[in-house]
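Encoded as structure tokens, here's the structure I'll be asking about.
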Amino acid sequence: MSLRTAALVFTNDFKSALPTMTRSYATKAAVVHPPRRSYLHQQYQSLVNDNRVLFVFQHNNLTVKEFTQLRQELSLIDGPSKLTVVRSSVFGSVLRETKFSNLQPLVSGPTCVLSTNASEKEYPELLKSVVQTLGKNKKLVLLGGKLDNSLLNQADVTQVVQLPGLDMVRAELLGTIEQPARQILGVLESPAKQLHSVLDRRV
């Protein structure tokens, strides 16, 4: 056997001894969120979409007892409102999917959200009472929020809660309308009163 033939036989025997290897192409698995995160995501979507008003607060080391007390105080206010502690990462991801994505930078660290779906007649007085109640606790910091389709910064929220109620606006408007009418009536009645006075003196 020649040297070349021996080399070929050795090479073939070596290749046959190697294990057969099949190349596999890995595919990226779809991201599957834990059930708890998916549940919170749905809850926060409802929180944003189903409420006319959202105010975002940062809470600093509030205890369970303090939160319970705040919720009890809110329940005494006439009108629907709810204070919800949210998980920042999940709530932020929900905001990014909505028209209120500019609120997302506010959601960092311990966060809670005041929500209400009060009517236009209810919410001016309701929001004023709610913000006053929550403002008493120095561990809560108001950051901003939304009213219907409008984004609110901290100054905007302050202006909103200072708006008069719808009944007060109607009363002021009615007074403004009635005032010229009273003036006209006074002018019309004045000659008649003067004439009546003259006639009384002659009689």
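For the pairs 99/138; 65/136; 99/136; 99/139, flag any whose C-alpha to C-alpha distance is greater than 27 Å.
99/138; 99/136; 99/139
Which net charge results for the neighbourhood of residue 116, defined as the other residues with beta-carbon distances under 10 angstrom from its beta-carbon, given Lys and Arg at +1 and Asp and Glu at -1?
Once positives and negatives cancel, what remains is +1.
Return the long-range amide H neighbours of residue 117 (sequence gap of 5 or more, or a different chain), with a cut-off of under 5 Å between placed amide H atoms.
So residue 117 has HN proximity to 52.
How far apart, in nanometres, would the label points at residue 85 and residue 39 be if each is projected 7 angstrom from Cα along the Cα-to-Cβ direction?
It works out to 1.6 nm between the two label points.
Quick one: if you stick a label point 7 Å off each Cα along the C-beta vector at residue 159 and residue 73, how many nm between them?
2.7 nm
Since every read-out is calculated from the coordinates, none of them should be taken as a lab result. Because the structure is predicted, anything quoted here is derived from the model rather than measured. Don't worry about glycine lacking a Cβ; one is built from the backbone with ideal geometry, like all the others, and counts go over all protein chains shown.
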